[in-house]
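The values are calculated or read from the model by the stated rules, or taken from the named source; none is laboratory data. Every value quoted in this text rests on a predicted model; they were computed, and no experiment measured them. Here the Cβ positions follow ideal geometry from the backbone for every residue, glycine too, while neighbour counts run over all protein chains shown. Only protein heavy atoms, including side chains, enter the accessible area calculation; ligands, DNA and RNA are left aside. Shrake-Rupley method; radii C 1.70, N 1.55, O 1.52, S 1.80 Å.
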Amino acid sequence: MRKPDGLVYGVNDLPPARVALLASLQQVAFLAALLGVPGLAAMRLGLDTQIFLSLTATTLFCAGVVCIIQGFGRFGLGAGLFYPLQCTTAAIPALIYASDEGLSLAQNFTMVGVLGLSQILFSFIIYRLRGIFTVEVAGLAVFLIGVGLGQQGLVLILDVPTGHTNAVMHLGTAAFTLATLIILHVYVRHRMRLFTNLIGLAAGLTVSAILGQLDPADVAQFKAAAWVNFPSLPLFGWSFDTGAITAFAVTGFVFALTSMGVQTIAQRNNDKDWKAPDLVSIGKGIRAEGVMHMLAAALNALPMVASGGAVALAAASGCTARTLAFWTGGLLILFSLLPKFMGFWFMMPDSVTGALFLFLATFTTVNGLQLVASRVLDARKVVAIGMGFVTAISYEPLRHLLEGRAPELRIVTFSSFAVTILVTVTLLALFRIGVTRRGVRQFPAGQASHDEVATFIEAEGGRWGARVDVVQRGAFAAWQAIDLIGRDLVDAEKPTIEVATSYNDLVFDIILRYEGIAPPLANRPPTAEELLDDPNRAAQLTGYLISKLTPDLRVQRVHHRWELHLRLPV
């Protein structure tokens, strides 16, 4: 793993304490800016101010715990990366659905445990179903998170509050904050760029205070808030009802897929040579999120989703160090006990918060599109991913019409985000039928050229849309194997080597079949002295090279022919 040029501190670097503290403070500033989501949930569920502050506290506490778990990455839990969780409006539809179905607050928040269980289940099947839960789908999920974040930002900027602020000043403050963020990110090359978002928020808040744009109610709430408070847990109690299992299970599945996309971006941001997502690490990260939601059900906290905005913020600032998870998690736990802190962030004007959301949404949406574009899309994926984008764009205007015509489908149509992902994944699952593709060609032993073999393998890989680096490695390994066999291993009476290829979105297989004797594969290369003493040792060197090029190499005799099976994961 090589650190990308744009990073000052990569995943395994140890930034100075002052840098880590300030970087984690700006992360907390961003995550706390999303505390408007608990406020929206409290309003929809009819909660008073004190319960709202307690709900915010339990949510921040759970966010801090899971952030630390992700940083450690031990005992099968945690990705070993910095990627926090955030409040999201995507969790509210499931809560509202459960409330409309007659569930009490205790039953509603206990159902968050179902969301966690669905994430844990997903974490164990993600590798087996990687042909359906692809990088492209993860990219679509990240794109949707970015679009949602940008929409929230534009609403905060354009929906000018009435009664206490001037529209021109409101829009001017948003423009000033956004311009500050852009200038610091684009033109500043000093390490001050690490704190772009913290500086932008501070500048926006200062200008708002000077212009008298702070909401008096928010200021009063800040003054009235206690310095320290320990909520009585659980907030609403524990009770279970099956009325909303499907809604929360679907939400957990969507959150898990979003996590896959966010973690993929985090892996990509930390590795200059990134080629494919590490699904084992991603599964551990999703599992940690599931455990956190079990804790959230016990404490009565809001569901949260992997924060593409926070990952984009870390990459934009140039600090993605794993240790940032411990600093950020610790601060979130500390601030969850300080209502005065939450009151301070509630004073942040909508214009400033909206500018930050809009700024970070640009990184998240582009990252999602880059994930989709990182793979060559065949006809099946074009239809599935394209349908997902169309659904995401057109669903909201048609949502009420659909629910009015088919109210029984509301169990899955309660969230546009969920519908978009389910449409895409369902189509990909259907398109798995007949997905395996094969090609066969005969090569004369000892006469086939490297160009002929490479042209055949690369043409097959290009036709299937396989990754270029995998195809090129397979072509080189196949040529080395054909050259090795063609020397003196093939039967002189049947001097033909059959090369069969197959591809199924998961594995690129190259099988060489011939009649003769077994190939001499080796676990170690010959030394220089051995090559000088015995020129035939060159075959051992070729065999060793083939075994190193192919992660999964198998040699077996089938009927009267030998098979050399090269399996390259994609």
(Q) Which residues does the label zone of residue 523 cover in segment 538-570, counting backbone N under 20 Å from a point 7 Å along Cα→Cβ? (A) 538-556, 565
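Given a Förster distance of 45 angstrom, what is the FRET efficiency for residue 3 paired with residue 429, based on the Cβ-Cβ distance and rounded to 0.05? Kindly include the intermediate steps, with their values, before the conclusion.
Numbers: r = 37 Å, r/R0 = 0.83.
So, using R0 = 45 Å, E works out to roughly 0.75.
In a shell of Cβ-Cβ distance under 12 Å around residue 152, excluding residue 152 itself, what net charge do Lys and Arg (+1) and Asp and Glu (-1) give?
On the way: positive: none; negative: 159, 350.
Charge balance near residue 152 sits at -2.
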Q) Which of the aspartates and glutamates could a cross-linker span from residue 272 if the Cα-Cα distance has to be under 12 Å and same-chain partners fewer than 8 positions apart are dropped? A) 5
(Q) Quick check: the angle from helix 135-158's long axis to the longest principal axis of the chain, C-alpha only, nearest 10 degrees? (A) 20
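Given a 1.4 angstrom probe, I'd like the percentage of the accessible area of the chain that is carbon and sulfur, rounded to a whole number. All intermediate terms of the calculation are to be shown ahead of the outcome.
Details: 14890 of 23870 Å².
Ligands and nucleic acids excluded, carbon and sulfur give 62 percent.
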Q.
Keeping all protein chains in place and using 1.4 angstrom, which order do 458, 563, 493 fall into by accessible surface area, from largest down?
A. 493, 458, 563
**Q.** Once exposed loop trypsin sites (Lys or Arg not before Pro) are cut out (DSSP; at most 11 other Cβ, 10 Å), longest piece of the chain
**A.** 190-570
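Could you check what % of the DSSP bridge pairs in the chain are antiparallel, to the nearest 5? Before the final figure, lay out the partial values.
Details: 34 of 35 bridges.
Taking every DSSP beta bridge within the chain, about 95 percent pair in antiparallel fashion.
Using the Cα gyration tensor of segment 206-342, with a ≥ b ≥ c the square roots of its eigenvalues, what is the shape: rounded (a/c below 1.5), prolate (a/b larger than b/c) or oblate (neither)? Let's see the in-between values first.
On the way: a/c = 2.16, a/b = 1.21, b/c = 1.79.
Taking the square roots of the gyration eigenvalues as a ≥ b ≥ c, segment 206-342 is oblate.
Per residue, how many Å² of accessible area does segment 493-570 show with a 1.4 Å probe?
Working: 4100 Å² over 78 residues.
On a per-residue basis, 53 Å².
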Q) Can you list, largest first and rounded to whole Å, the semi-axes you get for segment 78-180 by taking the square root of 5 times each eigenvalue of its Cα gyration tensor? A) 35, 23, 12
